[in-house]
Every structure is written in structure tokens, then in C-alpha cells.
Amino acid sequence: MTGTQQRAALQAQIWKIANEVRGSVDGWDFKQYVLGTLFYRFISENFASYMEGEDESIHYAEIKDKSINSEIKDDAIKTKGYFIYPSQLFVNVTANADTNEQLNTDLAKIFNAIEASANGYPSESDIKGLFADFDTTSNRLGNTVKEKNRRLAAVLKRVAELDFNDFQGSKIDLFGDAYEFLISNYAANAGKSGGEFFTPQHVSKLIARLAMHKQTKVNKIYDPACGSGSLLLQAKKHFDDHIIEEGFFGQEINHTTYNLARMNMFLHNINYDKFNILLGNTLIEPQFKDEKPFDAIVSNPPYSLNWIGSDDPTLINDDRFAPAGVLAPKSKADFAFVMHALSYLSSKGRAAIVCFPGIFYRGGAEQKIRQYLVENNFIETIISLAPNLFYGTTIAVNILVLSKRKTDTKVQFIDATGLFKKETNNNVLTEDHIEEIIQAFDSKKDIDHFAKSVDSSVISSKDYSLSVSIYIEGKNTNEKIDIKKLNEEIKETVVKIGQLRSDLDKIIAEIEG
């Protein structure tokens, strides 16, 4: 079985499991149990593999807890970021899950112990609260302890059945793929809220390539509204051969999604010392001030978000927003995220940000911010994408590419609205579509009906409107008409009509006669 076939089979199996074990519980409400169990299995096997090294005679799951001394434990936590005793491993808990009448409380104790193992170590903030959403006492699992344990046992058993083959090598990728597959399916079935924590992989790949374009190495990559971390992880997948020297940074406001992002990092084999995902409101309480600037920034912030804006008079003096001289509207925080990203961007880097199209043509404060960005030459490219590419919205959104290293005063516009493949309920970008956009982005050549570079003076004359449709003429899809040929056909038709009338007159005359 090829890797692609193995992945497809695994994905079909895991979604079937997810639907079977939840029973009557809504899939959205039940997601943390399936995702959390998959994560529990991963870190258990990952940790056991680490403890065994390459010594085939050692089976960590069979070792007695009391035989592990403090020195071994201390060394393991410094390396892996956490510690799991053999009795706490997924495989040992699952083996007795059906008959364990205290399964729900045992699991809660194990999760608490794993998190507590990092206390006082550099990994503490990366591990703390990882299992906070895996509530083993929740009534979503059942009304009685027996019902809760039955459902928990079912989840453990079914996740244990997933075939990842040998842990080393491809298995790490398959764990990560399985996790992202689950997240994407939950997002696709969650309506509008799904788009708030997951960016489809095909769009994530395009955004990551734009932000990392022609950079042989970056100091670090950052997402100020990271959701479940899908954008950051696309950078890792696509640029494994390049160097992201200091790792992956992100901030997320939703607590559940914040935990998903941290799990996602571990599942993609990014160790705790190579990522830093923090909880909080990026616009009001920005983190990583001491970590900036970043050579690569990727983001799909929430569209038209309400924020405090001008109601907080201190924000106009904030280093991020002050340069534009105006704040984004209180009912539309889109440009607040843009200005934040620009402030955190290094002089050699790029930011690729998904934006709602309205911010590129509306007046007022948004027009003034556009003017600031154009006049200071920070906008490299604006790409208009096809509709229905994202979960929860059918709108044709744009990607804004910011750069502080431009050598000309032109803004490139790309109309990619015609690049999509219809697939189930959403459209997707294929590899060929992504490549076509990247080639146009790289060359900066004008391509009829697709790409055009426009001088800032022209944009100024259009009141700093940055709508792609203003600068790129749409392809005329109307059929060309040959006037000469049409006139000849009309003449022939007139003659035929005249002949028909003459024949009809003769028939009527004969009848009346």
C-alpha cells in the first residue's frame, strides 16, 4: 500500500470511528474527546519510543513505575517537556478500559500528572492545560459514571485500532495527518465557526509559500491569530529543507483552539522548545514583543471582528497603530490585524494575510490606512481568490502580501478568482493553481486578465482603492460575433420569410377560391 493509499484508508477509518463513538452527542461537542485521545496515544508512544532508544530489549510499557529514579525522570522532562510513567501510557490504560470502573477519574488523574510533570521546567507553559478540554466528568459522555466510562472506553479502544505501522518514520506524519484531517472535517461540519480555527490545507500551502518565497532561512515564523496552527504547520511541511531557526510562534484568543494548536505542534513532531503558542487577545494584549521582528508572518484573522478601537484612547499611541494616524473601525478590526503584522515584520520578511475584500475599497479610516500602506510602499501583492474556498463563508476573499524590502513603488494585483476545483461543498486550489499563482507572484510580469503591477501614483488617483477588479480587466466570455456573416444570414432569413408568406398567400387563395 502506497503512502497516499495508507493515508486515505486511515482517514476513512478515523472519521468512521469519530462518528460511531460519539453516539447521539453532537460531533462539534465531542471533538475534544476524539482529538484528545489521539493526542494521548501519540505522546504515549512518542515518549515510550524515546525511553527505549533503539534498544529492542527494552519495553517501556512493561517496566514498573517504581524502578524509574528521579534522575531519569528529570532528564526526560528536560528533553521531551513532560513525563509519563509506564502505568500511565495509553496502551496500558486501554488494555483494562472495559473493566475499569474508575476509568474517567483515572484518566483525569493521568492527564493532570502529565501536565504537572512539567511544573518548574522550561516546558511548563507549553504543557500546562493541554488536557483542559478533555472533561472526563462531562454529561456529554453520559448521565452516569457507567455511561461515561463506556463511552471513554469505546474511544480509547477504537483509537487504539488505528494502524500507524512502526512509530519511527512515516508514523509521525500519519499521526499529524490524522489529527489535521479530523480538525478539517470538524471545521467543515461546524458552519461559520469552523473557519475561525482552521484554514484549509490547500489555502494554507499558498499562504506559507507566499510568506516564505525565496527565503533560504528565516529566524522564526509567526501567526497572530493562529487558530489550531494549520498555517504555521504548512510552513513546516513545505519548508522542511529550509531552516526556521528559532521556531514557531502564535497567539490565539479561544482557549479550546489554543489547546488544539499546542497539541498540533507536538503531533507534527515539533518539540516544546521549538514552538511558543500563547493564549490571549492579540490586538489588546499582544505577546512576543521581545521576540519580534519575524522574517515570516502568516495569518487568517477573523473577518469584520468587533474590537475596542477608538474607545481605548491609548491605542492610537500604540507602536503598531500610531504610524497610520488612525485606528481600524470598531466594527471592523481587519486592518488592526494588518497593522499589527506589519509592526512585527522584519526588514527582510514577508507577511501573507487573508483579508475580507471590503477593506480594500471602503472609505473612512480604512481608506486612510490603505493610503499609509501604499505611500510607504509596504504592499507587494494583493490576490483575489475564488469564492467558497474557506469553511463558514462563500465569499471570495483576498490575500494581502506585505513586504519591507520592495525595490519599486508598484503594487501587484492577481485575479485568481477563476482558479478552483469544485469538490463536495467547497472549492479547492489544486497544486497547479497554487503554482500558477506563485509563478505570477515571482515574475511580477503583467499577464492579460490575470496579473498586473500598478504604480502607486495610479492607485493614488483612484482614492487608494485596492480592489483587484479595478486594475485587472476581466476576460470577455461573450461569444465573438461576425457582423458580416450575421448580416448575410439575416438577408437569407428575410428572403425565406418572404417566400413562406408568398406560398402561404397562394394556399389561402386556393382555399377561398
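The values are calculated or read from the model by the stated rules, or taken from the named source; none is laboratory data. Everything numeric in this text was worked out from a predicted model, so none of it was measured. Note that each Cβ is placed from the backbone with ideal geometry, even for glycine, and that neighbours are counted across all protein chains shown. Ligands, DNA and RNA are stripped out before the accessible areas are found, and what is left, the full protein with its side chains, is counted by its heavy atoms. Shrake-Rupley method; radii C 1.70, N 1.55, O 1.52, S 1.80 Å.
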Original post:
Quick check, is Val155 open to solvent by 70 Å² or more (accessible area, probe 1.4 Å), under 18 Å from Leu38 (Cβ atoms), aliphatic (A, V, I, L, M) and assigned to a helix (DSSP H, G or I)?
Top reply: no
Original post:
Which of the residues spanning the stretch 114-140 are farther than 19 Å from Leu260 by Cβ and either surrounded by 16 or more Cβ atoms within 10 Å (Cβ to Cβ) or touching a residue at least 12 places away in the same chain (Cβ under 8 Å) (or both)?
Top reply: Ser117, Tyr121, Pro122, Glu124, Thr137
**OP:** Would you mention how many residues in the stretch 74-97 are basic (Lys, Arg) and surrounded by fewer than 15 Cβ atoms within 10 Å (Cβ to Cβ)?
**Re:** 1
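Residues checked against (1) in contact with a strand residue (DSSP E or B) (Cβ under 8 Å, 6 or more places away or on another chain); (2) part of a strand (DSSP E or B); (3) open to solvent by less than 40 Å² (accessible area, probe 1.4 Å); (4) farther than 29 Å from Ala188 by Cβ:
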site: Ile316; (1), (2), (3), (4): no, no, no, yes
site: Asp319; (1), (2), (3), (4): no, no, no, yes
site: Ser331; (1), (2), (3), (4): no, no, no, no
site: Ala351; (1), (2), (3), (4): yes, yes, yes, no
site: Glu366; (1), (2), (3), (4): no, no, yes, yes
site: Ile382; (1), (2), (3), (4): yes, yes, yes, no
**OP:** For Ala8, indicate whether it is without any contact (Cβ under 8 Å) to a residue 40 or more places away in the chain, more than 25 Å from Lys148 (Cβ to Cβ) and part of a helix (DSSP H, G or I).
**Re:** yes
Original post:
So Ala341 fits all but one of (1) in a loop (DSSP other than H, G, I, E, B); (2) crowded, with 18+ Cβ neighbours inside 10 Å; (3) within 26 Å of the chain's Cα centre (by Cα); (4) modelled with pLDDT of 95 or more; what number is the exception?
Top reply: (1)
Subject >> Matching residues in the stretch 379-392 - criterion: being touching a Gly at 6+ places or on another chain (Cβ under 6 Å) and either among the β-branched types (Val, Ile, Thr) or closer than 17 Å to Lys205 by Cα (or both) >> reply: Phe390, Tyr391
Subject >> Residue in the stretch 17-29 that is modelled with the lowest pLDDT, counting only those that are over 15 Å from Asn149 (Cα atoms) and part of a helix (DSSP H, G or I) >> reply: Trp28
**OP:** Within the stretch 112-139, work out how many residues are assigned to a loop (DSSP other than H, G, I, E, B) and among the aliphatic types (A, V, I, L, M).
**Re:** 3
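This table checks each residue for (1) within 14 Å of the chain's Cα centre (by Cα); (2) among the hydrophobic types (A, V, I, L, M, F, W, C); (3) closer than 29 Å to Asp29 by Cβ.
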{"position": "Ala225", "(1), (2), (3)": "yes, yes, yes"}
{"position": "Ser228", "(1), (2), (3)": "yes, no, yes"}
{"position": "Lys236", "(1), (2), (3)": "yes, no, no"}
{"position": "Thr257", "(1), (2), (3)": "yes, no, yes"}
{"position": "His268", "(1), (2), (3)": "no, no, yes"}
{"position": "Leu279", "(1), (2), (3)": "no, yes, yes"}
**OP:** Would you please name the residue that is surrounded by the fewest Cβ atoms within 10 Å (Cβ to Cβ), looking only at residues in the stretch 98-113 that are farther than 17 Å from Leu35 by Cα and hydrophobic (A, V, I, L, M, F, W, C)?
**Re:** Ala113
Original post:
Limited to the stretch 459-510, what total is found for residues that are touching a His at 6+ places or on another chain (Cβ under 9 Å), modelled with pLDDT of 75 or more and open to solvent by 70 Å² or more (accessible area, probe 1.4 Å)?
Top reply: 1
Subject >> Residue check, Glu252 surrounded by fewer than 24 Cβ atoms within 10 Å (Cβ to Cβ) and either within 20 Å of Gly36 (Cα to Cα) or not basic (Lys, Arg) (or both) >> reply: no
Original post:
What is the number of the single condition among (1) in contact (Cβ under 8 Å) with a residue 12 or more places away in the chain; (2) under 16 Å from Ser138 (Cβ atoms) that Ile43 does not meet?
Top reply: (2)
**OP:** For the stretch 386-444, enumerate the residues that are within 28 Å of Pro293 (Cα to Cα), of a type in the set (Lys, Arg) and open to solvent by 80 Å² or more (accessible area, probe 1.4 Å).
**Re:** Arg405, Lys410
**OP:** For Asn259, state whether it is open to solvent by less than 10 Å² (accessible area, probe 1.4 Å) and over 29 Å from Ile383 (Cβ atoms).
**Re:** yes
Original post:
Which condition does Ile447 not pass, out of (1) open to solvent by less than 90 Å² (accessible area, probe 1.4 Å); (2) under 26 Å from Asp295 (Cβ atoms); (3) without any contact (Cβ under 8 Å) to a residue 40 or more places away in the chain, if it passes all the others?
Top reply: (2)
**OP:** Could you give me the residue pairs with C-beta distances under 7 Å whose first residue belongs to the stretch 50-73 and is open to solvent by less than 70 Å² (accessible area, probe 1.4 Å), whose second residue is among the acidic types (Asp, Glu) wherever it lies, and which are 6+ apart or on separate chains?
**Re:** Ile58/Glu52; Tyr60/Glu52
